[in-house]
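Peer 1: I am attaching a structure below and will ask some questions about it afterwards.
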């Protein structure tokens with residue numbers, strides 16, 4: 001596949017004048033009114049810290065310009081990731097998750113003393129337990145305003161998808177803060193946030209962690225899921241695929257698509273041309289983002305097509321894409337702007353030809 005870069009990678013969301021200048025794990029969608037919405041975790045000080053908030057930026061000109069970040073989820077805990085999807089005429093759902101203060105203390109990066117002082121106050125005030133877990137926030141006015149976050153059983157960086165029959169379908173890792181049972185479940189979600197388990201995707205092996213899936217339903221009705229799979233040695237960091245042809249009630253055994261260190265996690269987009277596109281981070285030199293393409297509903301893939309390969313560190317990726325009016329694709333990702341710089345949200349606009 002030939003990749004044509006229409007608008008080279010550039011920063012669309014940052015906070016260069018503050019110490020809370022780390023942004024990561026974005027998602028993007030087109031709202032019902034045609035504007036674009038980008039969701040991420042922002043105003044952090046590091047990859048793991050207690051200060052994350054879920055932010056939104058908006059574009060009314062197909063990615064030429066973006067609004068400044070506005071906070072939409074801000075619990076006392078570290079609100080991570082940022083998934084987004086639309087449903088119905090005016091519904092928008094955003095997702096995130098967080099960890100308990102004990103985890104944040106253990107793993108805190110950046111200014112550890114500052115982070116621990118904040119956590120001291122969180123624990124002193126109490127009440128943080130009601131915010132712990134995977135969460136969704138719902139808008140019924142096309143993304144203008146969002147309700148209070150609601151906890152749900154599963155988590156995934158890019159959130160749910162809408163099935164062809166209008167069902168909100170969420171494929172994610174079962175959330176548990178002690179990491180004892182990390183398997184992939186598939187839930188339906190009602191417009192007011194109630195969930196019901198529909199199926200489960202089998203684990204690959206006890207030695208491999210399956211997490212951070214993204215699902216899409218194709219016009220044919222097939223549901224394709226791409227799953228981040230890794231081991232605890234760093235030798236495996238790749239994408240597996242599972243398929244359902246019965247509206248998500250059963251799924252095939254996951255099969256590996258990339259080499260053992262080919263990259264992850266993925267975001268799926270069905271392009272108006274009929275091409276299924278999956279973008280994913282590549283965390284081995286050269287660091288960047290790649291795309292793979294399928295024109296047969298996920299049966300075969302053209303992999304390892306480079307979108308960006310000039311990253312400064314492996315702390316980057318989590319790309320997500322949306323199709324623009326002219327058929328070009330806008331992909332958002334997070335990365336550092338320089339070798340010592342902060343993490344920001346960037347975008348690249350591109351198209352493809354066989």
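Peer 1: Assess whether residue 182 counts as being in contact with a strand residue (DSSP E or B) (Cβ under 6 Å, 6 or more places away or on another chain), assigned to a strand (DSSP E or B) and at pLDDT below 95. Talk me through it step by step, then tell me what you get.
Peer 2: Details: in contact with a strand residue (DSSP E or B) (Cβ under 6 Å, 6 or more places away or on another chain): yes; assigned to a strand (DSSP E or B): no; at pLDDT below 95: yes.
So residue 182 does not fit the description; no.
Peer 1: Only one residue in 160, 213, 149 is in contact with a helix residue (DSSP H, G or I) (Cβ under 8 Å, 6 or more places away or on another chain), surrounded by 19 or more Cβ atoms within 10 Å (Cβ to Cβ) and either touching a residue at least 12 places away in the same chain (Cβ under 8 Å) or farther than 18 Å from residue 239 by Cα (or both), so which one is that? Talk me through it step by step, then tell me what you get.
Peer 2: Values: 160 fails: in contact with a helix residue (DSSP H, G or I) (Cβ under 8 Å, 6 or more places away or on another chain); 213 fails: in contact with a helix residue (DSSP H, G or I) (Cβ under 8 Å, 6 or more places away or on another chain).
The conditions single out 149.
Peer 1: Out of region 39-75, which residues are touching a helix residue (DSSP H, G or I) at 6+ places or on another chain (Cβ under 6 Å) and surrounded by 21 or more Cβ atoms within 10 Å (Cβ to Cβ)? Give the derivation first.
Peer 2: To start, the set of residues in region 39-75 that are touching a helix residue (DSSP H, G or I) at 6+ places or on another chain (Cβ under 6 Å) comprises 48-50, 75.
Result: 49, 50.
Peer 1: When you go through (1) at pLDDT 95 or above; (2) part of a loop (DSSP other than H, G, I, E, B); (3) at positive phi one by one for residue 81, which number turns out not to apply?
Peer 2: (2)
Peer 1: Let me ask something else about it. Among the residues of region 185-203, which ones are in contact (Cβ under 8 Å) with a residue 12 or more places away in the chain and either crowded, with 21+ Cβ neighbours inside 10 Å or assigned to a strand (DSSP E or B) (or both)? Can you show your working first?
Peer 2: Here is the first cut: in region 185-203, the residues in contact (Cβ under 8 Å) with a residue 12 or more places away in the chain are 185-193, 195, 197-203.
Result: 185, 186, 187, 188, 189, 195, 197, 198, 199, 200, 201.
Peer 1: Tell me yes or no: at least one residue of region 329-350 is more than 17 Å from residue 215 (Cα to Cα), modelled with pLDDT of 95 or more and either in contact with a helix residue (DSSP H, G or I) (Cβ under 6 Å, 6 or more places away or on another chain) or part of a loop (DSSP other than H, G, I, E, B) (or both).
Peer 2: No, because not a single residue in region 329-350 is more than 17 Å from residue 215 (Cα to Cα), modelled with pLDDT of 95 or more and either in contact with a helix residue (DSSP H, G or I) (Cβ under 6 Å, 6 or more places away or on another chain) or part of a loop (DSSP other than H, G, I, E, B) (or both).
Peer 1: May I pose another question? Under the condition of being without any contact (Cβ under 8 Å) to a residue 60 or more places away in the chain, assigned to a loop (DSSP other than H, G, I, E, B) and touching a strand residue (DSSP E or B) at 6+ places or on another chain (Cβ under 6 Å), which residue from region 55-73 is nearest to residue 36 (Cα to Cα)?
Peer 2: So the residue we want is 66.
Peer 1: Also, I was wondering about something else. For region 104-124, which positions are touching a helix residue (DSSP H, G or I) at 6+ places or on another chain (Cβ under 8 Å) and in a helix (DSSP H, G or I)?
Peer 2: Hits for region 104-124 are 104, 105, 115, 116, 119, 122, 123.
Peer 1: Here is a further query. Could you please let me know if residue 305 is in a loop (DSSP other than H, G, I, E, B) and surrounded by 14 or more Cβ atoms within 10 Å (Cβ to Cβ)? Lay out the reasoning, then the answer.
Peer 2: Working: in a loop (DSSP other than H, G, I, E, B): no; surrounded by 14 or more Cβ atoms within 10 Å (Cβ to Cβ): yes.
The answer is no for residue 305.
Okay, residues lined up against (1) in contact (Cβ under 8 Å) with a residue 60 or more places away in the chain; (2) surrounded by 19 or more Cβ atoms within 10 Å (Cβ to Cβ); (3) over 14 Å from the mean Cα position of the chain (by Cα); (4) more than 18 Å from residue 213 (Cα to Cα):
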| residue | (1), (2), (3), (4) |
| --- | --- |
| 266 | no, yes, no, no |
| 284 | no, no, yes, yes |
| 297 | yes, no, yes, no |
| 313 | no, no, yes, yes |
| 323 | yes, no, yes, yes |
| 354 | yes, no, yes, yes |
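Peer 1: Going by the conditions given, is residue 252 farther than 26 Å from residue 353 by Cβ, in contact with a strand residue (DSSP E or B) (Cβ under 6 Å, 6 or more places away or on another chain) and surrounded by 21 or more Cβ atoms within 10 Å (Cβ to Cβ)? Quick ask: steps written out before the conclusion?
Peer 2: On the way: farther than 26 Å from residue 353 by Cβ: yes; in contact with a strand residue (DSSP E or B) (Cβ under 6 Å, 6 or more places away or on another chain): yes; surrounded by 21 or more Cβ atoms within 10 Å (Cβ to Cβ): no.
Criteria not met by residue 252.
Peer 1: Given 296, 310, which one is farther than 21 Å from residue 157 by Cα and either assigned to a strand (DSSP E or B) or at pLDDT below 95 (or both)? Write out each step before concluding.
Peer 2: Values: 296 fails: either assigned to a strand (DSSP E or B) or at pLDDT below 95 (or both).
Matching residue, one of 296, 310: 310.
Peer 1: May I pose another question? Tally up the residues in region 125-146 that are touching a residue at least 60 places away in the same chain (Cβ under 8 Å) and assigned to a loop (DSSP other than H, G, I, E, B), please. Please lay out each step first, then the result.
Peer 2: So in region 125-146, the residues touching a residue at least 60 places away in the same chain (Cβ under 8 Å) come out as 135, 137, 142-143, 146.
Retained after the next criterion (residues that are assigned to a loop (DSSP other than H, G, I, E, B)): 142-143, 146.
Residues meeting the conditions: 3.
The values are calculated or read from the model by the stated rules, or taken from the named source; none is laboratory data. Since this is a predicted model, take the numbers as computed values, not measurements. Heads up, the Cβs are rebuilt from the backbone with ideal geometry, glycines too, and the neighbour counts pull from every protein chain shown.
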